[in-house]
Every structure is written in structure tokens, then in C-alpha cells.
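A short worksheet on the structure shown next.
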């Protein structure tokens, strides 16, 4: 049985529009953008710290080798997993997550370690990682304020968890220099 022209027109009219619906999670588009921009800076700081921690894991030497090699491995492994959570939160807010070295370098507040031609002193490695963890904390606090003001509980929860970890890492690393 063939459909009439009138029935076919009505079916097309009632069909859903192509593409995904607009994001409506109770946070304004402007606030979502501000939060995503802040999370992008946080992601860049986190990735730069991850890379530095991994670099130092590979290159640490001296009397603290075993202790630091194991400690750095635990920290960079945990940091790696957290990067994905942060990027996915940016995506959930409706924005693309940065994902290239060029983007991270523009967004990070942490000075990148250019590479080690000579083995750096383990104390300097620890100092840099204390400073890096604290930089991540400062960035997280700025974004936390924006997210809290916008009522973005998932982002505030994510950042609160990250603050706990990075503050603890900074404390443990600093304790090695006391």
C-alpha cells in the first residue's frame, strides 16, 4: 500500500532534526565555556607535571634512586589516569579538550623541563615537582571557584579530589628536603 503525499509530508515534518540536541545540563553556555577554559589550563598543568614526573623517574640517580624512582612512578601513573577524567569533563561540558604539546605549552603555568643532557641533582628534581604540584593546586583553585559559582558539582568534585592528591604529593616530596 503506497503512502499518500500528505502522510509522507507529515512523517518528514514529525521526524527529529539531524544532530545532537543542545546541551542543557543546568549550567549556562557562558559558564560552561569559562569552566572548560579553566579545565583546559588545569589539564595543561597536569599534563606538564605528568611529563616532568615521568622524565625524572627515568633519569633520577644517586643515593635516593630507588626511593624516588618508585615514588615518581606511583605519582605519574596516578596522574596519567586523572588526565583522562579531566579531558572527559571538558567534553561533557561541550568543548574540545586540548591534546597537543603546542596547546599544552600555551596553556600551562609550569615551566617545562627541556630534557636532561646531564643528570640533574635529585634534590632539584624534588624541588621542581613540589613547585609543579603546587602550581596544579593554584590552577585547580581558580577553576574550582568558577565551577562552584556556576553550580557545577561534578567539576568541583573532580577538582577537590585532584587538590587532595597534589597537596599530598607536594607535602611528601617537600618532606624529602627537610
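The values are calculated or read from the model by the stated rules, or taken from the named source; none is laboratory data. Treat the numbers as computed from the prediction; the structure is a model and nothing was measured. Cβ coordinates were reconstructed from backbone atoms using ideal geometry, including for glycine residues, and neighbour counts include every protein chain displayed.
Okay, here's what the table says:
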| quantity | calculated |
| --- | --- |
| Selected residue [farther than 17 Å from residue 44 by Cβ and part of a loop (DSSP other than H, G, I, E, B)] from 74, 151, 99 | 151 |
| Region 166-178, residues that are over 13 Å from the mean Cα position of the chain (by Cα) and in contact (Cβ under 8 Å) with a residue 12 or more places away in the chain | 167, 169, 170, 172, 173, 174, 176, 177 |
| Search result, residues across region 19-35 that are out of contact with any helix residue (DSSP H, G or I) (no Cβ under 8 Å at 6 or more places or on another chain) and part of a helix (DSSP H, G or I) | 29, 30, 32, 33 |
| Unique residue being at pLDDT below 95, part of a helix (DSSP H, G or I) and in contact with a helix residue (DSSP H, G or I) (Cβ under 9 Å, 6 or more places away or on another chain) when the list is 105, 90 | 105 |
| Residue match in region 49-68 (condition: within 26 Å of residue 35 (Cβ to Cβ), surrounded by fewer than 16 Cβ atoms within 10 Å (Cβ to Cβ) and at pLDDT 95 or above) | no |
| Matching option when the condition is within 30 Å of residue 30 (Cβ to Cβ), touching a residue at least 12 places away in the same chain (Cβ under 8 Å) and either surrounded by 19 or more Cβ atoms within 10 Å (Cβ to Cβ) or out of contact with any strand residue (DSSP E or B) (no Cβ under 9 Å at 6 or more places or on another chain) (or both), among 97, 102, 120 | 97 |
